[in-house]
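This is the structure, below, for whatever I ask next.
The values are calculated or read from the model by the stated rules, or taken from the named source; none is laboratory data. Small disclaimer: the values here were computed from a predicted structure and weren't measured. Here the Cβ is made from the backbone with ideal geometry for all residues, glycine too, and neighbour counts use every protein chain on show. These accessible areas exclude ligands, DNA and RNA; they are computed on the full protein's heavy atoms, side chains included. Shrake-Rupley method; radii C 1.70, N 1.55, O 1.52, S 1.80 Å.
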Amino acid sequence: MRKSSIGNRLLAATAIIGCLTGAVFAEPATPRPEALKPYTERPITDDIMYFVMPDRFANGDESNDRGGMEGSAIDHGFDPSHKGFYHGGDLKGLTEKLDYLADMGVSAIWLTPIFKNKPTQGNVENVTAAYHGYWITDFTQIDPHLGTNDDLKAFVAAAHARNMKVIFDIITNHTADVIKYQECLPEDELKADGNVPLCDYRSKADYPYTTIGKADGAPINDGFMGDEPAQQTTENFAKLTNQNFAYTPYIPEGEQNVKVPSWLNDIRYYHNRGDSEWKGESSLYGDFSGLDDLFTEHPYVTQGFIDIYKFWISEFKIDGFRIDTVRHVNDSFWQTFAPAIVDHAKAEGISQFYVFGEVYDGNPEHLSHFTRVAKLPAVLDFGFQWQARQVIADGKAPALLKEFYAHDHLYDTAWSSASILPTFLGNHDMGRIGRFIVTADNTNPAEALDRSKLAHALMYLTRGVPVVYYGDEQGFTGDGHDQDAREDMFPSKVAVYNDNQAIGSTVTPEADNFDPSHPLYTSLTELASFRMKHGAVRGGEQKVLFADDKPGIFAIERSSGSEALVIVFNTSSSKAKAKIEIAAPLCWVGGAKASLSTNGTTTTVSMPPLSWSAHSLNGCTNE
């Protein structure tokens, strides 16, 4: 085990003094994941995840910047000065920076998709590259811009050697945009440098599977009974032989065999109904902004993707999957796919394999559908993100958090609970928590830093699995969402990134941004140390004790086994106090020093501005 050099990144005090009894507590251990249970045995609630876009993190091998391709940026996709093209980050670079992450307490790394992509897509006036990884053509190899399958094996081995998990971002909803429609873009009008229009969605009611064109068209696909769950059998789909029920799909010359495995080149396995309108039926059957929408109701497609992702588990011994665009795939697919994947991982000796889906919705009733009905173990907690943003960045009342957590029971199943949901503050689609904070009214630089620290403390100390979006620990803010929230950690050449002002630093993305002395990196290291020391804030139960109806106090109890903690947050930029119904003596164990006074069954707590404080209910004993 490498001795950690975190030094001043431990809690600032060399001892924690019990506020009521004067008891002295030992300095927390380094938060490096080597001190946790082995990754093969560790429950996900013990982990801190780091969500990283490899292309924007670290460039360990400049020879693969163009993915081994010739031509211009339109051909290979590499242009480090353009926010929408490849910038050169790769798996070797990420491997070289593992200690930077381990020293911060990161124990699980979630990568955006790293499979081989179509290098560039889009019309001539807005072409961009697949640096993000969501335009896959080959599901069996690593994108050459990021390295090789051997580089991936080296990365996984290096992470596991540090007791860190590796989680892949995977896709089953769509592939890269290859298939075109004669009615929308005739094949004889297709040009390599021409525009490709979006095509109107054609519904199953207006364009049924059993006629050509509209419902009154010539009969086809005799005996096909539709694609509802009861009809999702091999025998039924064998009767769906003619694909011209809505459009006449075709694959352009030269791209007939571009997808791997080869079955992905067969138009039978796609919906071919035009582009999604992002509502109703089209949300499940429509192309995702032109991306080829897979016929996931087809049993061959279901089994095909189970086989694809079993391969990655068996071959690379990875530790989990984040699944993209879950809401755009039918429930019956997930009901088969998720258990099959988890069972296969267990058979491979990966008993704690973690699966969670992306459902871009902040309503717990909508989100929990995908755990209760679709049977996914977990979903990204967009609900937490929305409430944390409102309370911390926008200055709304913490009563919103109380109302939000009251819905946690919706996730309770034999395979899921709110405790295993990944919680996050921002991401590559919606933008960064730093952006939400600095664009709020009346936020000065010092307050912005305090709010960012408090937002991360809320994420680390409340129920769920905290996810840090890469660069947030360096105070990145970005200019907005999507491409504007995907800055380089290594020196950037993108002008619209390089004029950004970070929180807690005068350094911009134009410089190298792997500073372990940054105040946010330091703060996250301290929070990781606290989580490591206190099991109650990892997988423990959570109870809301108090939530102010204005910016101010939010208090919870976290308990696990014999340990119980009261954690208090002050979301106001002024001092705040509250009376909490709890009578047991409280002993300070972390965070800011709060002023406490107990009278009967009530404790009055007074907190500094924008701070958190943790107190033990187990008495103050030397450790």
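Taking the condition of being open to solvent by less than 10 Å² (accessible area, probe 1.4 Å) and either at pLDDT below 95 or of a type in the set (A, V, I, L, M, F, W, C) (or both), how many residues in the range 604-615 meet it?
Number of matching residues: 3.
Test residue 275 against the stated conditions and say whether it is within 19 Å of residue 325 (Cα to Cα), surrounded by 22 or more Cβ atoms within 10 Å (Cβ to Cβ), at pLDDT 95 or above and not polar (S, T, N, Q). Write out each step before concluding.
Numbers: within 19 Å of residue 325 (Cα to Cα): yes; surrounded by 22 or more Cβ atoms within 10 Å (Cβ to Cβ): no; at pLDDT 95 or above: yes; not polar (S, T, N, Q): yes.
So residue 275 fails the test.
For the range 394-436, how many residues are more than 20 Å from the chain's Cα centre (by Cα) and either over 25 Å from residue 538 (Cβ atoms) or among the basic types (Lys, Arg) (or both)?
Residues that pass the stated criteria total 6.
Another question, if that's okay. Look through the range 68-94, keep the residues that are among the hydrophobic types (A, V, I, L, M, F, W, C) and under 14 Å from residue 132 (Cα atoms), and return whichever of them is surrounded by the most Cβ atoms within 10 Å (Cβ to Cβ). Steps first, answer last, please.
So the first thing to find is which residues in the range 68-94 are among the hydrophobic types (A, V, I, L, M, F, W, C), and the list is 69, 73-74, 78, 85, 91, 94.
Of the ones still in play, those that are also under 14 Å from residue 132 (Cα atoms) are 78, 85, 91.
Working: 78: 23, 85: 23, 91: 29.
Here the residue is 91.
Identify all residues within the range 369-382 that are of a type in the set (Gly, Ala, Ser) and more than 19 Å from residue 539 (Cα to Cα); write none if there are none. Before the answer, list the steps.
First, the residues of the range 369-382 that are of a type in the set (Gly, Ala, Ser): 374, 378.
Hit for the range 369-382 is 374, nothing else.
Give the residue that is nearest to residue 179 (Cα to Cα), with candidates limited to residues of the range 267-310 that are polar (S, T, N, Q) and outside any helix (DSSP H, G or I). Walk me through how you get there before you give the answer.
Restricting attention to the range 267-310, the residues satisfying the condition of being polar (S, T, N, Q) are 272, 276, 282-283, 289, 296, 302-303.
Then drop every residue that is not outside any helix (DSSP H, G or I), which leaves 272, 276, 289, 296.
On the way: 272: 8, 276: 15, 289: 13, 296: 16 Å.
Of everything passing the filter in the range 267-310, 272 is nearest to residue 179 (Cα to Cα).
If you scan the range 111-136, which residues turn out to be polar (S, T, N, Q), over 16 Å from residue 65 (Cβ atoms) and open to solvent by less than 10 Å² (accessible area, probe 1.4 Å)? Steps first, answer last, please.
Filtering the range 111-136 for residues polar (S, T, N, Q) gives 112, 117, 120-121, 123, 126, 128.
From the residues that got through so far, the ones that are over 16 Å from residue 65 (Cβ atoms) too are 112, 121, 123, 126, 128.
Correct list: 112 only.
Can you report the number of residues in the range 40-89 which are within 21 Å of residue 149 (Cβ to Cβ) and within 20 Å of the chain's Cα centre (by Cα)? Before you say what the answer is, go through the steps one by one.
Let us first name the residues in the range 40-89 that are within 21 Å of residue 149 (Cβ to Cβ), namely 52-55, 57-69, 76-78, 86, 88-89.
Going one step further and asking which of them are within 20 Å of the chain's Cα centre (by Cα), we end up with 52-55, 57-58, 89.
Of the residues in that region, 7 qualify.
Could you please tell me which pairs satisfy a Cβ distance under 6 Å, a separation of 6+ or placement on different chains, a first residue in the range 577-600 that is assigned to a loop (DSSP other than H, G, I, E, B) and at pLDDT 90 or above, and a second residue that is open to solvent by less than 70 Å² (accessible area, probe 1.4 Å) and of a type in the set (Gly, Ala, Ser)?
592/611; 592/613; 594/613
Right, next: Take the range 547-565 and flag every residue that is small (Gly, Ala, Ser) and assigned to a strand (DSSP E or B).
Here is the first cut: in the range 547-565, the ones small (Gly, Ala, Ser) are 547, 552, 555, 559-562, 564.
Passing the criteria: 547, 555, 559, 560, 564.
With the requirement that a residue be among the polar types (S, T, N, Q), on the phi > 0 side of the Ramachandran plot and surrounded by fewer than 16 Cβ atoms within 10 Å (Cβ to Cβ), what does the range 325-372 give you?
To start, the set of residues in the range 325-372 that are among the polar types (S, T, N, Q) comprises 325, 330, 332, 335-336, 351-352, 363, 368, 371.
If we keep only those that are on the phi > 0 side of the Ramachandran plot as well, we get 325.
Correct list: empty.
Is it true that residue 233 is open to solvent by 40 Å² or more (accessible area, probe 1.4 Å), under 24 Å from residue 263 (Cβ atoms) and of a type in the set (Val, Ile, Thr)?
Details: open to solvent by 40 Å² or more (accessible area, probe 1.4 Å): yes; under 24 Å from residue 263 (Cβ atoms): yes; of a type in the set (Val, Ile, Thr): yes.
Taking the combined requirement at face value, the residue satisfies it.
With respect to residue 209, determine if the residue is hydroxyl-bearing (Ser, Thr, Tyr) and either exposed (fewer than 11 other Cβ atoms within 10 Å of the Cβ) or touching a helix residue (DSSP H, G or I) at 6+ places or on another chain (Cβ under 9 Å) (or both). Show your work before the answer.
Working: hydroxyl-bearing (Ser, Thr, Tyr): yes; either exposed (fewer than 11 other Cβ atoms within 10 Å of the Cβ) or touching a helix residue (DSSP H, G or I) at 6+ places or on another chain (Cβ under 9 Å) (or both): no.
The answer is no for residue 209.
Sticking with this one: Got a number for residues in the range 236-266 being open to solvent by less than 60 Å² (accessible area, probe 1.4 Å) and either of a type in the set (Gly, Ala, Ser) or in a loop (DSSP other than H, G, I, E, B) (or both)?
Residues that pass the stated criteria total 15.
I would also like to ask the following. Is it the case that the range 507-514 has a residue that's touching a Ser or Thr at 6+ places or on another chain (Cβ under 7 Å) and either surrounded by fewer than 19 Cβ atoms within 10 Å (Cβ to Cβ) or not small (Gly, Ala, Ser) (or both)? If you could, list the steps in order and put the result at the bottom.
Initially, the range 507-514 is screened for residues touching a Ser or Thr at 6+ places or on another chain (Cβ under 7 Å), giving 509-510.
Narrowing further to those that are either surrounded by fewer than 19 Cβ atoms within 10 Å (Cβ to Cβ) or not small (Gly, Ala, Ser) (or both): 509-510.
Looking for residues that are touching a Ser or Thr at 6+ places or on another chain (Cβ under 7 Å) and either surrounded by fewer than 19 Cβ atoms within 10 Å (Cβ to Cβ) or not small (Gly, Ala, Ser) (or both), one finds at least one in the range 507-514, hence yes.
Residues to consider are 475, 434, 464; find the one that is farther than 30 Å from residue 343 by Cα, in contact (Cβ under 8 Å) with a residue 60 or more places away in the chain and open to solvent by less than 20 Å² (accessible area, probe 1.4 Å). Full working, then the answer.
Details: 475 fails: in contact (Cβ under 8 Å) with a residue 60 or more places away in the chain; 464 fails: farther than 30 Å from residue 343 by Cα.
The conditions single out 434.
OK, next. Pick from 1, 49: which is of a type in the set (A, V, I, L, M), closer than 30 Å to residue 540 by Cβ and at pLDDT 95 or above? Lay out the reasoning, then the answer.
Values: 1 fails: at pLDDT 95 or above.
When all the criteria are applied, what remains is 49.
Report, by residue number, each residue of the range 518-553 that is within 20 Å of residue 98 (Cβ to Cβ) and out of contact with any helix residue (DSSP H, G or I) (no Cβ under 7 Å at 6 or more places or on another chain). So that I can check it myself, show each step before the final result.
Narrowing the range 518-553 to residues within 20 Å of residue 98 (Cβ to Cβ): 518, 520-522, 524-525, 527-529, 531-532.
528, 529, listed by residue number.
I would also like to ask the following. Does the range 124-133 contain at least one residue that is touching a residue at least 24 places away in the same chain (Cβ under 8 Å), in a loop (DSSP other than H, G, I, E, B), over 21 Å from residue 85 (Cβ atoms) and of a type outside the set (A, V, I, L, M)?
no
Name the residues in the range 478-488 that are touching a strand residue (DSSP E or B) at 6+ places or on another chain (Cβ under 6 Å) and surrounded by fewer than 23 Cβ atoms within 10 Å (Cβ to Cβ), would you?
If the condition is that a residue be touching a strand residue (DSSP E or B) at 6+ places or on another chain (Cβ under 6 Å) and surrounded by fewer than 23 Cβ atoms within 10 Å (Cβ to Cβ), then 480, 481 are the ones that fit.
Have a look at 537, 544 and point out the one that is aliphatic (A, V, I, L, M), over 16 Å from residue 392 (Cα atoms), touching a residue at least 60 places away in the same chain (Cβ under 8 Å) and surrounded by fewer than 23 Cβ atoms within 10 Å (Cβ to Cβ). Give the steps one after another, and end with the answer.
Numbers: 537 fails: surrounded by fewer than 23 Cβ atoms within 10 Å (Cβ to Cβ).
It is 544.
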